[in-house]
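Read through the structure below, which is laid out as structure tokens, and then see the notes.
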Amino acid sequence: MRSLDLNDTIAAIATTPGDSGIGIIRISGSNALEIADKIFSAKSKKNPSEFKNFTVHYGWIVDDRPSSIVYRPSTSIIDEVLLTVMRAPYSYTREDIVEVSCHGGIVAMRRVLELVLAKGCRLAEPGEFTKRAFLNGRIDLTQAEAVLDIIRAKTDSALRMGVKQLEGGVSKAALKIQEKILEVLSFIEAQIDFPEEDAVSTDTGNARKLIFDINQELLALISSSSQGKIMREGIRVVICGKPNVGKSSLLNALLRIERSIVTSMPGTTRDTIEEILDIRGIPVRIVDTAGILNPRDVAEAKAVSRAKEYIKSADLILFVIDAHKKLSLQDYALMRLLKKKKVIAVLNKIDLVCKVEIEKITKIFPHKVELSAKKSLHIEALEEAIAEIFYKGKLVLNEPVLVSNQRHIELLKKAQKHIAASLVSLDNKVTLECISQDLKEGLSCLEDILGKNFSDDILSRIFSQFCIGK
């Protein structure tokens, strides 16, 4: 994101362009109400600058600009709208905000936006409204990042986690640790500045206990990150197996819809099919791959090659085996290929007579589920097994804080490293100046999380991920 003038008044379409009931154009900045006065004709005959805060008004967006291209009457109505006024500092950006709710057609929204820009607005950059909310002190950086998490949430649990972060879950945890660091730092600094004062205790026992507690709190936050990242980013699960073992049927059973074509002919799936689903709160990007076989043509060769690439990058493999048949050479070859991957062996077609050598499979793959994809038998058991592998039986959706953002995780790890170093230094009677420096470095990492220290590069990386209008 380039350097922006935050004194500008900005505007953007805040809803997804396309055919819809309502489309919203958002205007934010010191001239928002002045611009609204130029384009909005209220039924009440009042100007938007006269409206009370947090009020909605009915009227029309009017373009009275002369045009040399197309004849228009002196007053040209673009759309019938509702206009909402939110005055500073009681708005999302802590600036004056005007929102125009017009009809959701792409032409109507574009015409309104063009008129707003012509009257003195600048088109907003991606995430600029939220960036202004941060820079104007309405939210900290973790809360700004939470806005993006909420927008991108693929499951209810990911949404709840984003909302908790927006409410300040991560911020409160970081601030609590900051206060403890400052407490022990003030003690250490007093020892350095007044080494011979009787009023200053030379007993470092309390300081050590406090540093130890800080270290444990940081470790607890870091340990929550594995579950947090899964809930935020999801996992890639790849269905693989030899042809005609029921891979596509398994995908359909998990999705609860007929997504893949299923026939008795081997090699029906000639390319990868990818879908997103929610399994016990985990966003799962599930991929049905072509059966691993000796390619009969160029198309199959490409499909098999792509399947192998997906297998390499997968977080989890669902290795589908036909339980109605004995293990084949192809099955054994795949078992060798998958030996070092995280795998659930899916013994399909258990509604038929079981002939497969189960003990040979479980010797290599301890995680096993027996089911019938065609009849949707025991699909829930497979979903439970997937959740169990990644949550390890410790899924607690009511956790007060789950750290999921990679930037936060890296900074927490750096902070913990410095705090642990200060603890070792204290035990080894290292100079108080060295202990103080490590405590300050740990404190700085926490300030970076909250956005008290930031650079244009960090802000660019964060807000460039947002859509225009948010």
query: Whose amide H sits under 5 Å from the amide H of I78, counting only residues 5 or more places off or on another chain, with H placed in the peptide plane?
result: I61, V62, D63
field: Shape category assigned to segment 92-238 from the gyration tensor of Cα positions, a/c cut at 1.5
entry: oblate
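Quick check on the chain: of the DSSP beta bridges with both residues there, what percent are antiparallel, nearest 5%?
65
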task: Pull out the extension gain between K374 and I192, defined as 0.36 nm times the separation in residues minus the alpha carbon to alpha carbon distance; nm, one decimal.
output: 58.2 nm
task: List the residues of segment 428-458 whose backbone N lies under 14 Å from a point placed 7 Å from the Cα of L6 along the Cα-to-Cβ direction.
output: 451-457
statement: In deg cm²/dmol, rounded to the nearest 500, the helical mean residue ellipticity at 222 nm of the chain, built from -39500 (n - 2.57) for every DSSP H run of length 4 or more, is -14000 deg cm²/dmol
field: Karplus (6.51, -1.76, 1.60) ³J(HN,Hα), θ = phi - 60°, over segment 80-93, in Hz, Gly and Pro reported as x
entry: 8, 9, 10, 10, 10, 10, 9, 8, 5, x, 9, 9, 4, 9
task: Please work out the FRET efficiency for the pair S49 and L82, using the Cβ-Cβ distance as r and a Förster radius of 22 Å; give the result to the nearest 0.05.
output: 0.80
field: Interchain or long-range residues, amide H under 5 Å from D96's placed H
entry: G29, A88
- request: Can you send over the carbon and sulfur percentage of the accessible area for the chain, probe radius 1.4 Å, protein chains only?
  value: 53
query: Between [x] 25.2; [y] 27.0; [z] 22.0, which matches Kirkwood radius over Cα pairs in Å calculated for the structure shown?
result: [y]
task: Anything in the chain that counts as a DSSP H helix reaching 30 Å or more along its axis (C-alpha) with Kyte-Doolittle mean of at least 0.0? List them, would you?
output: 169-193
- prompt: Which trypsin sites (Lys or Arg not before Pro) does segment 1-55 hold that lie in a coil by DSSP with at most 16 other beta carbons within 10 Å?
  reply: R2, K43, K45, K46, K52
- line: Expressed per residue, the solvent accessible area of the chain in Å² (1.4 Å probe) is about 50
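The values are calculated or read from the model by the stated rules, or taken from the named source; none is laboratory data. Quick caveat: nothing in here was measured; it's all calculated off a predicted structure. Positions of Cβ are backbone-derived with ideal geometry, glycine not excepted, and every protein chain shown enters the neighbour counts. Ligands, DNA and RNA are stripped out before the accessible areas are found, and what is left, the full protein with its side chains, is counted by its heavy atoms. Shrake-Rupley method; radii C 1.70, N 1.55, O 1.52, S 1.80 Å.
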